[in-house]
Amino acid sequence: MFLIIAILALTLIYGLFGIRILRPARLGRKIKILGWATLSVCYAALPMALVFRFNWPDNPMTIPLSWFAYATFGFFTLTFCAILLRDGILVIGHGIRKGLQTRIKPVYRTGVPGKAQVPDDPSRRVFLLNSTNAAILGVSGSLAGYGLAHARQVPRVLDVDVPLANLPNEFEGFRILQISDLHVSMTIRRDYVQEVVDRANGQTPDMVVFTGDLADGHVDDLRGESAPLAQLEAPFGKYFVTGNHEYYSGVAGWLHEISRCGFVPLLNEHRVIRRNHAQMVLAGITDYRASQIVPHHASDPVRALAGAPGGLPRIMLAHQPKSVFQAEPSGVDLLICGHTHGGQYIPWNYMVPLDQPYVHGLHRHGRSLIYVSRGTGYWGPPIRIGAPSEITVLRLVRART
């Protein structure tokens, strides 16, 4: 079913481009044939890139094919949205004109008694369509280039103060560095991961947490690309929770690999963090949908906090923000999440709120606080527009009245 829906979506995106951009274009026959051929290659590139990634990851064509497929897909999704917006405006404008024509006495007549109309100029319509098409291509291409440049930048460091009412004085100023949604893949390689690690270590955090979606692919193919994560340093440890993509890519292998890199996976469990004579609880839960693939990995905040000492600050790691609906009743003070990418770019920034209660930033949810990261990498198209990637430093402070 997923494959059928994906193919239908691709066909709609690329097909609309052909029908509304290529077909009306005033181009020579040979150039038009070349345009349709190029569109067909772009359409086939994405499924081919997936086939190569899973079957021949070491093939020299796999990485360039992935770059071409995902970059062009990003461009075509931008044009798809622009075409829908333009055509929607045209339909609304046509409806308004029709409504006005019924109220205004016609100026031009058809020569047929009892009938009148404003003459239509087909050449004017074609000119208007091609002019707006040229604008769509220019704007979409510029946005795709801008988004690519921003997606490939080393993520900025975002400092966020998190007020907790029951925070012991010893934990005042405690700095938790969050990495999320790194998505090591055929386009996010070791050099990018190394830059993330170097920048993270430069913040000298007290603790490092990774809130899921480490990689897109099998661990045997991407182990070397994610290896710099072992260099992350924090005196109070490094902790990891699973995201949905771990389950797509072989969760057992990635849990073993992340442990080898020095992280402690928290699979519906907790640890008590001690600083001098003070304590706080750090818990972690599996991905919200984990049970659909690995039944015994069902997300369970109650189990994660079972046996935790009372009266201490409770911080929980989760991948998806919607976990807050289960976590908040269990008495969590702070939930740290990722998954949304902040929307990443148009049109996904309008779709994420339909699935998740929070898209980015620090929010109050009942008795709990929830922080949602925009993510440290990107997924799919190497594009970020209006949702820059981030390495987050959450600084715990005692809440003031």
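The values are calculated or read from the model by the stated rules, or taken from the named source; none is laboratory data. In this text, all values refer to a predicted model and were calculated from it rather than measured experimentally. Glycine gets a Cβ as well: all are built from the backbone with ideal geometry, and neighbour counts include every protein chain shown. For the accessible areas, the whole protein counts, side chains as well, though only heavy atoms, and no ligand, DNA or RNA atoms are used. Shrake-Rupley method; radii C 1.70, N 1.55, O 1.52, S 1.80 Å.
Details
- The listed residue being in contact (Cβ under 8 Å) with a residue 12 or more places away in the chain and among the small types (Gly, Ala, Ser), out of Gly310, Gly377: Gly377
- Considering the stretch 149-180, the residues that are touching a strand residue (DSSP E or B) at 6+ places or on another chain (Cβ under 6 Å) and within 16 Å of Leu232 (Cα to Cα) include one that is surrounded by the fewest Cβ atoms within 10 Å (Cβ to Cβ), namely Val157.
- Apart from one condition, Gly284 fits all of (1) within 27 Å of Gly173 (Cβ to Cβ); (2) among the small types (Gly, Ala, Ser); (3) open to solvent by 10 Å² or more (accessible area, probe 1.4 Å); the exception is (3).
- Each residue in the stretch 339-360 was checked for being open to solvent by less than 50 Å² (accessible area, probe 1.4 Å) and touching a residue at least 40 places away in the same chain (Cβ under 8 Å), and 7 of them qualify.
- Ala71 crowded, with 19+ Cβ neighbours inside 10 Å, at pLDDT 95 or above and of a type outside the set (D, E, K, R): yes
For every residue, the table says whether it meets (1) open to solvent by less than 10 Å² (accessible area, probe 1.4 Å); (2) within 21 Å of the chain's Cα centre (by Cα); (3) within 24 Å of Val352 (Cα to Cα).
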{"position": "Glu246", "(1), (2), (3)": "yes, yes, yes"}
{"position": "Val272", "(1), (2), (3)": "no, no, no"}
{"position": "Arg289", "(1), (2), (3)": "no, yes, yes"}
{"position": "His297", "(1), (2), (3)": "no, no, no"}
{"position": "His319", "(1), (2), (3)": "yes, yes, yes"}
{"position": "Val324", "(1), (2), (3)": "yes, yes, yes"}
{"position": "Gly331", "(1), (2), (3)": "no, no, no"}
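- Residue within the stretch 87-102 that is within 24 Å of Ile4 (Cα to Cα) and open to solvent by less than 30 Å² (accessible area, probe 1.4 Å) present: no
Each row is one residue, and each column tells you yes or no for (1) over 19 Å from His363 (Cα atoms); (2) open to solvent by 30 Å² or more (accessible area, probe 1.4 Å); (3) out of contact with any His (no Cβ under 6 Å at 6 or more places or on another chain); (4) basic (Lys, Arg).
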| residue | (1), (2), (3), (4) |
| --- | --- |
| Leu182 | yes, no, yes, no |
| Asn201 | yes, yes, yes, no |
| Thr211 | no, no, no, no |
| Asp216 | yes, no, no, no |
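- Screening the candidates Val397, Val359 for the property of being assigned to a loop (DSSP other than H, G, I, E, B), under 28 Å from Gly202 (Cβ atoms) and of a type in the set (A, V, I, L, M, F, W, C) yields one hit, Val359.
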